[in-house]
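Each remark here refers to the structure printed beneath this line.
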Amino acid sequence: MTETSSDDSHAYRRETERVVNEIAQGLRTLDAGVGWFSGLAPSRRQAVLQEVAGYAMQAHVTAADGRAGVARSGVKPTANPSVMICMVPPRYGFAGLPAAEHVKAFRVLVSAFTIADTRRRETCCKGACGHAWHNLPAATEQP
């Protein structure tokens with residue numbers, strides 16, 4: 001069995017950061033992001049879910065953001081990830097969900113993050129943002 005080096009982990013985190021922020025900024029579709037996510041190994045999908053949950057926490061996702069995210073995610077409001085993100089406060093144990101729910105969890109998390117992060121870009125960061133991930137260059141969509 002091979003271990004993932006810290007360089008590999010850093011590269012994976014950077015890739016996740018790029019993909020999620022491209023979705024949030026409309027530079028990549030949610031479906032394209034789901035395609036990327038679905039191509040990952042199961043253990044990597046769990047790591048991505050943990051990372052994206054962290055982004056959602058940093059963006060201060062609210063239950064209202066969760067409801068708006070669920071509506072745009074295409075996931076049923078009664079699915080476990082949908083219920084979790086709409087709780088007060090939102091629950092973030094998405095990586096612990098069964099593997100069969102990971103794609104739904106990714107869709108819900110990224111969609112809720114998109115709502116919260118857009119709000120932050122339009123308020124807190126408007127005109128004075130130094131966050132590199134809020135200033136991605138427009139590029140052609142990648143798979």
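The values are calculated or read from the model by the stated rules, or taken from the named source; none is laboratory data. Predicted model only: the values in this text are computed from it and were never measured. Remember, those area values only see protein heavy atoms, side chains included, never the ligands or the DNA or RNA. Shrake-Rupley method; radii C 1.70, N 1.55, O 1.52, S 1.80 Å.
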**Request:** May I ask for the equivalent-ellipsoid semi-axes of region 1-117, computed as the square root of five times each C-alpha gyration tensor eigenvalue and listed largest first in whole Å?
**Result:** 22, 15, 13
**Request:** Keeping all protein chains in place, calculate the accessible area per residue for region 16-119 (probe 1.4 angstrom), answer in Å².
**Result:** 41
**Message:** Sort 78, 118, 123, 62 by heavy-atom solvent-accessible area, probe 1.4 angstrom, most to least.
**Reply:** 78, 123, 62, 118
